[in-house]
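Step one of this worksheet: look at the structure below.
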Ligand SMILES: [Cu+2]
């Protein structure tokens with residue numbers, strides 16, 4: 001019996017080792033579907049997101065290594081920000097990609113260079129323009145990249161994605177910056193030698209320390225002995241820590257201190273010009289939005305699971321002087337276009353009137369992105385209804401309803 005158990009155990013261990021050693025297939029999503037639907041819908045909404053001027057989610061964009069491309073669009077922190085989350089105060093607009101296959105070269109928020117986080121608030125709208133460049137050559141469909149709005153204490157909220165194919169050779173990638181002190185450096189390789197060297201030094205010392213205390217000594221193999229040694233004793237009686245070990249400890253400490261001191265002096269001479277860590281945070285100027293010409297009162301939503309169609313009922317009041325037309329329904333990173341995936345029973349709201357509208361959005365993404373909160377604690381559906389008046393002005397009205405069972 002023991003023999004069998006031993007054999008089975010060895011087999012399981014061997015297969016686990018093979019599985020762990022085998023190369024892993026690249027992940028094909030970013031885990032966004034794991035976030036609750038109400039959280040993705042009720043926090044922020046992305047619209048007009050484009051890559052190189054084409055709407056997100058269409059054809060893959062192809063760039064060579066070092067080739068530049070842009071991601072532009074608008075994101076709004078919705079008024080329906082859930083009270084379960086902390087107030088949105090600090091945000092960071094960036095790009096999410098599988099690893100670092102692209103780099104951000106420049107980022108504008110509301111027209112201003114924005115390398116760091118911004119101070120944000122509910123109801124505010126941010127226009128972003130991100131200049132990127134290809135860094136790592138892709139395989140298959142390419143790298144799937146999205147704009148992302150990381151909000152302090154709430155998490156990262158993802159916008160619509162698009163494939164980017166990067167072609168050429170990884171080795172050709174350069175990330176050159178001009179120095180104020182003259183000359184240019186390639187950030188991709190700058191200082192890499194010392195980084196590798198110091199990692200190797202500390203890794204070697206760490207490994208030597210670990211092996212010294214575990215392999216020749218009974219610290220692990222005779223754990224009951226080690227554990228029975230009182231806390232403030234070095235266990236010399238049990239033959240655990242000897243005088244020689246104390247000498248080893250002192251020598252190790254001296255070695256580390258000498259390396260630290262030597263490296264400190266070396267870096268001071270090699271890199272005399274230094275900058276402190278800098279933080280550049282600011283509150284973006286509000287985006288000029290078109291004057292309000294409509295208000296919205298949301299009623300209820302229902303979901304037809306078979307048709308994968310979500311219907312939201314809202315009352316829209318046109319307070320303007322020209323007829324208003326519904327053009328889009330936007331939720332988290334998804335946009336439903338009228339006549340495409342959005343159907344309405346009344347697409348025009350005459351000036352001065354209130355019209356009850358049923359908006360029906362049909363997409364398999366309700367299911368695949370787990371947006372319909374039938375299984376969740378907050379059965380809320382939130383989105384933005386996009387309207388255009390006769391003069392071409394646009395209003396974006398946030399609509400939040402319960403989901404009827
Ligand atoms: Cu993606």
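Multiplying the sequence separation of residue 309 and residue 405 by 0.36 nm and subtracting their Cα-Cα distance, what value in nm do you get?
Working: separation 96, 0.36 × 96 = 34.56 nm, distance 1.42 nm.
Full extension from residue 309 to residue 405 adds 33.1 nm.
As an exercise, use a Förster radius of 35 Å and the Cβ-Cβ distance of residue 33 and residue 279 to find the FRET efficiency, rounded to the nearest 0.05. Mind dumping the intermediate values first?
Working: r = 33 Å, r/R0 = 0.95.
The calculated FRET efficiency here is 0.55.
Order these by the 10 Å Cβ neighbour count, fewest first: 120, 381, 5, 205.
Details: 120 24, 381 28, 5 9, 205 14.
So the ranking, lowest neighbour count to highest, is 5, 205, 120, 381.
Ranked by Cβ crowding within 10 angstrom, fewest neighbours first, how are 336, 329, 271, 212 ordered?
Values: 336 21, 329 24, 271 10, 212 14.
Fewest-to-most ranking of 336, 329, 271, 212: 271, 212, 336, 329.
Testing the spin-label approximation: label points 7 Å from Cα along Cα→Cβ at residue 66 and residue 246. State their distance in nm.
Calculated label separation equals 6.2 nm.
Stretched out fully, how many nm does the piece from residue 223 to residue 261 gain, at 0.36 nm a residue minus the Cα gap?
On the way: separation 38, 0.36 × 38 = 13.68 nm, distance 3.69 nm.
Gain on stretching residue 223 to residue 261: 10.0 nm.
Can you compute the modelled spin-label distance between residue 394 and residue 346, with each label point 7 Å from Cα toward Cβ, in nm?
Placing both labels 7 Å beyond Cα along the Cβ direction yields 2.4 nm.
Gain in length, residue 13 to residue 238, computed as 0.36 nm per residue apart minus the alpha-carbon separation, to one decimal in nm?
On the way: separation 225, 0.36 × 225 = 81.00 nm, distance 3.39 nm.
Once the chain is fully extended between residue 13 and residue 238, it gains 77.6 nm.
Once Rh is set to the Kirkwood radius over Cα pairs, what Stokes-Einstein translational diffusion coefficient, in µm²/s, holds for the chain at a temperature of 20 °C and a viscosity of 1.002 mPa s? Spell out each step's value before the answer.
On the way: Rh = 26.3 Å.
Estimated diffusion coefficient is 81 µm²/s.
Angle, helix 243-270 long axis vs. longest principal axis of the chain, Cα atoms, 0 to 90°, nearest 10?
Orientation of helix 243-270: about 50 degrees from the principal axis.
Report the per residue volume, in Å³, of the convex hull enclosing the C-alpha atoms of segment 1-134. Mind dumping the intermediate values first?
Details: hull volume 25.7 nm³, N = 134.
It comes to 192 Å³ per residue, whole-number rounded.
Helix 2-21: angle to the longest alpha-carbon principal axis of the chain, degrees 0 to 90, nearest 10?
60 degrees
Among 38, 202, what is the fewest-to-most ranking by other Cβ atoms within 10 Å?
Values: 38 22, 202 12.
So the residues, fewest neighbours to most, are 202, 38.
Determine by what factor the alpha-carbon radius of gyration of segment 294-403 differs from 2.2 N^0.38 Å, reporting the quotient. Numbers along the way, then the final one.
Numbers: Rg = 13.7 Å, N = 110, 2.2 N^0.38 = 13.1 Å.
For segment 294-403, the normalised Cα radius of gyration is 1.04.
With each pseudo-label sitting 7 Å past Cα toward Cβ, what's the residue 207-residue 180 distance in nm, one decimal?
4.1 nm
In degrees, nearest 10, range 0 to 90: what is the angle between the Cα axis of helix 192-214 and the longest Cα principal axis of the chain?
60 degrees
Could you work out how far the C-alpha centroid of segment 52-118 sits from that of segment 271-326, in angstrom?
16 Å
Taking only the alpha carbons of segment 192-270, what extent do you get along each of the three principal axes, in Å, biggest first?
Rounded to whole Å, the extents work out to 50, 20, 19 Å.
Coordinate-derived values only; no laboratory data. Given the structure is predicted, the values throughout are model-derived calculations rather than measurements. Please note: Cβ atoms are built from the backbone with ideal geometry, for glycine as well, and neighbour counts cover all protein chains shown.
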